[in-house]
1. Distance in nm between label sites at residue 256 and residue 202, each 7 Å beyond Cα in the beta-carbon direction?
2. Over the stretch 4-57, with the other protein chains present, what is the accessible area per residue in square angstrom, probe 1.4 angstrom?
3. Collect residues whose amide H, placed 1.01 Å from N in the peptide plane, falls under 5 Å from the amide H of residue 137; neighbours closer than 5 in sequence don't count.
4. Given a 1.4 angstrom probe, I'd like the percentage of the accessible area of the chain that is carbon and sulfur, rounded to a whole number.
5. To the nearest 500 deg cm²/dmol, what mean residue ellipticity at 222 nm is calculated for the chain from DSSP H runs of n ≥ 4 alone, each contributing -39,500 (n - 2.57), summed and divided by the residues?
6. Going down the list 17/56; 121/148; 15/249, which pairs span over 23 Å between their C-alpha atoms?
7. Assign unit charges at the C-beta atoms only (+1 for Lys and Arg, -1 for Asp and Glu), then state the dipole size of the chain relative to its Cα centre in Debye, rounded to the nearest 20.
8. Which one of 199, 29, 242 is farthest out on the positive end of the charge dipole of the chain, using unit charges on Cβ (Lys, Arg +1; Asp, Glu -1) and the Cα centre as origin?
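The values are calculated or read from the model by the stated rules, or taken from the named source; none is laboratory data. Only a predicted model underlies this, so the values are computations on that prediction, with no experimental measurement involved. Heads up, the Cβs are rebuilt from the backbone with ideal geometry, glycines too, and the neighbour counts pull from every protein chain shown. For accessibility, only protein heavy atoms count, side chains too; no ligands or nucleic acids. Shrake-Rupley method; radii C 1.70, N 1.55, O 1.52, S 1.80 Å.
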Amino acid sequence: MTNREIREAFLNFFKSKNHQIVPSAPVVVKNDPTLMFTNAGMNQFKDFFLGEAQPKHSRIADTQRCLRVSGKHNDLEEVGIDTYHHTLFEMLGNWSFGDYFKKEAIEWAWELLTEVYKLDKDRLYVTIFEGDDSEGLVKDTEAYDFWKSWISEDRILLGNKKDNFWEMGETGPCGPCSEIHYDMRTEEERRTTPGQSLVNADHPQVIEIWNLVFMQFNRLKNGSLESLPAKHVDTGMGFERLVRAIQGKSSNYDTDVFQPMITFIAQKA
Ligand code: SER
């Protein structure tokens, strides 16, 4: 599939699950003093999560241009060093505002990746939140149990607050999350070292592709967590990483997202 087909397939898939497709919000954020640039697909929906505005549609999907160069989500130190972080990138996302929750979010993510994109099930790993005593947060056994219907238990790994509790910024909507990782190493490397040990370990060929956040809390200025009026889903998939996984490349820059541009510049240089 070309990158255009991959993007279309994402939007069509969620359209078929009754999601309204909306445009990407501007990269420069207006009306939110806590954020300068859009750093995630969910930013434009912040008020819906907090219960301060009502969405027209309870299910939305889109592809959002994001910039992670400052604040809580800052990838600047990674860009140009590894093969899978970018300053400006595209995030594919689906949202539920008080509608479906963990079961469908997990089931549809699995269906899209394995049946539409035909990613190799033996290369997929997922993580769930292990809980955090200091915050009074319990292990996400619900997500674990839903994943069990799709993937063998030795591929469901526990993750800590840093990797498996997503927060928009110092304040704002947040919740436990479940990440999906893809192992793109060679057969031989996979035989020698099990992929489990390389998830979230900065391995250049074992990378996170999708993050499913189960929005349940609002982080207040005083640092405490307040429960949101309703439970929501916020997912974000790195488009350039997904394209790389589907196209079987070892670097995001080798995909047809970047190659035409790189070739053009090389010819002109
Ligand atoms: N907001 C989450 C993230 O950026 C999921 O979309 O990872």
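1. 3.4
2. For the stretch 4-57, the solvent-accessible area averages 59 Å² per residue.
3. 132
4. 49
5. Working: 8 runs with 66 residues, N = 269.
After summing the helix terms and dividing by the residues of the chain, the value is -6500 deg cm²/dmol.
6. With Cα atoms farther than 23 Å apart: 15/249.
7. 720
8. 29
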